[in-house]
1. Determine, from the Cβ-Cβ distance of THR309 and CYS407 and an R0 of 35 Å, the FRET efficiency 1/(1 + (r/R0)^6), rounded to the nearest 0.05.
2. For the range 7-117, what is the convex hull volume of the alpha-carbon atoms per residue, in Å³?
3. By how many nm would the segment from GLU392 to GLN150 grow when fully extended, if each residue of separation counts as 0.36 nm and the alpha-carbon distance is taken off?
4. Starting from the 7 Å offset along Cα-to-Cβ, what nm value, one decimal, do you get for the label separation of LYS139 and SER54?
5. Pairs of Cα atoms under 8 Å, at least six residues apart: use those to get the relative contact order of the range 228-350, whole percent.
6. What's the carbon and sulfur percent of the range 110-154's accessible surface, probe 1.4 angstrom, rounded to a whole number?
7. Can you compute the FRET efficiency between GLU279 and LYS381 using 1/(1 + (r/R0)^6), with r the Cβ-Cβ distance and R0 = 56 Å? Round to the nearest 0.05.
8. Probe radius 1.4 Å, ligands and nucleic acids left out: which of GLU16, GLU242 has the largest accessible area, and how do the rest follow?
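The values are calculated or read from the model by the stated rules, or taken from the named source; none is laboratory data. What you see is a predicted model, and the numbers here were worked out from it, not measured in a lab. Please note: Cβ atoms are built from the backbone with ideal geometry, for glycine as well, and neighbour counts cover all protein chains shown. These area figures cover heavy atoms from the full protein model, side chains too; ligands, DNA and RNA do not enter into them. Shrake-Rupley method; radii C 1.70, N 1.55, O 1.52, S 1.80 Å.
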Amino acid sequence: MFNLNANEEIGKYLSELIIRKYKSYRQFSKKCIEAEGRDGNDDRLIDNMSNRISQIVKGKKSVQLSDLPIFTRLLDVSCEEILSAGECFGTTSNHLTNYDVAFTEEQDVWEAYVHREDKIILNTDEYGKTIIDYALEFKNFKLLKYFMKQGYIWFVDDVNDWNVSDIWTLFQGGTSIEPRPFRMDDDIRWHFYPADKTLQSGSIHQLQQANELQCELKYTLAGSDDLRRKMIILAIENNEVELMEQLRARENFSLYILNERPMNRLTMMGEDVDSYYDEDVLVHIAGASEQILDYFSKTFEITNRFGRTDKFIFPYMTYLLDCLIKNNSSYSEKMLKCAIEHNRYAYKRLKRLVANATQEHVKYYMQFRNEEDYRNEEERKLYSQYKKTCHEQEREKLKENIYFYGCDNIIISFWDVCGENKFAMVTTVVHTTENSSDNRINSLIEELNGLYHKICNIKGSCEQIKLQADKVTYL
C-alpha cells in the first residue's frame, strides 16, 4: 500500500530518473515512441511526446495509466516508485538484481543471492549502486542486520581486530563474501598496485593481473563513512543500542588522529573534525528513545599505540544539547549533567597537565643554578625571582600548545613537545547557546558554560580562542 504523491513531486522524481538514464527528455521521448511501436525518428512525434513529458515533469500534467507500463519498463522502476515519487518501492522483474534483493524481506532469497556462483552480489549495477546502497535507501534494516550478524558485511572492523598502530584502517568496512575464481575467459584488466613495503623506493610499483569483477562491494564498504552514518540512522530508528556499539556511533576518525598526536596544525593530516558532523544523524539522536540518548551521554576512551588513554564524550554534544534544549526535551537535564561532569574532568586534567609540564620545564632550567650558591638574603631573593619568572614564562609558552578544533571549539588538545607523551591529552568540550524557560535547566546551562569558559581561560580569553578557531579548524 502506498500514498499517491502530488503531481509536482512525481514530476520532480521522474525528471531525476529520466536524466540519470537517458540524459535528456528528448532521448527518453524517442524511446517511449519506439516502445509504442511507432517511428522513433519522426520529429513531429518526438516534439509532441517531449512536450507532454515536459508538462509531466513540471507537475502540470499527471502520469496517465497508459504511460505507466512504458515508463516502468524504460526506467527500470515500479509503478509504486513512480506514483509515490520514490517513497515506496516494488520489484521490477523476475531477474534478481541488487535492487530486487535489497527490497525483499525473504531470508532465503538473501542467502541464495549471497551464495550464487557468479557472485553478482559483489558488483554494482548500471547505476553504480551495490545491494547495500539500495538496502539503506529502502531502509531494509532486517537485511542489513542479518548480513552483519552472519558476518557477510561490516561497516566498521571488529574492535578486537583493531590495530592502533595503523589508525588509517580503523573505520573501514568490508565483506567476507569471496569473489568467484578467476577464469581465462574473463574480461582482463590491468591495475597498478603499490609496491611491497620491503622495497625501498616508494615510486616502484608492481604490475598485477586482476579480475575487474566482484570488487565494488568491498571497496564501497571500505572507502565510505557515509554508509556507516546511514546505518547509524537506521539503528537509531530501530532502537538498536547494541548495534550502535558495533558501529562505534559516538566516534569518528578525527578523534583517533588527534589521540595519536595531539599537537597542532603540523599534524592535522587534512582531516576536518566538522566534516564528520551529520545533521540528519543528530536530528535522529535528539528524537530517539532514552536508551539511545543514554548511549550518547556516556563517555568512552581511546588508547593510542604509545599507551596514552584519552576520554571523550560524543564530539557533537554541543549541537545535540542545543537541539534538546530548544525542543524542551525531558532528557535535557540528564544530558546537561553528563556534559558538566565531562567538562569538569577536561578542566581538571588540562590544568594539571599544564601545571606539571611547567614544573618539569622549571626543574630543567633550575638545575643549572645551585640554590646553595645564593648565600645572603639579597642573592636568595634574586634566586626566587628568577625561579618565579622562569615559571611564568614557561607556563605562557606551554599555553601555546593548547589547541581548539572545530568551528565551535568542540575538541581541545594539549601536547608538551619536550615531554613527549608524558604531558599530552585530547578530549571533547561542551557548551551551549540555548536558554530554557525552566530555571533548573538554565542553572545547569550556566554551570556547563562556566566550566567551558574556565577551560578556555587556561589558554587565554574567550576572544583569543575565537580568533584561533577562525584560523585552526582542521585536524
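1. Working: r = 27 Å, r/R0 = 0.78.
Rounded to the nearest 0.05, the efficiency is 0.80.
2. Once divided by residue count, the hull of the range 7-117 is 115 Å³.
3. On the way: separation 242, 0.36 × 242 = 87.12 nm, distance 5.99 nm.
Once the chain is fully extended between GLU392 and GLN150, it gains 81.1 nm.
4. Inter-label distance under the simple model: 3.7 nm.
5. On the way: 103 pairs, mean separation 29.8, N = 123.
In percent, rounded to a whole number, it is 24.
6. Details: 1020 of 1980 Å².
Taking all protein chains in place, the range 110-154 shows 51 percent carbon and sulfur surface.
7. Details: r = 60 Å, r/R0 = 1.08.
After rounding, the FRET efficiency stands at 0.40.
8. These residues rank, largest area first, as GLU242, GLU16.
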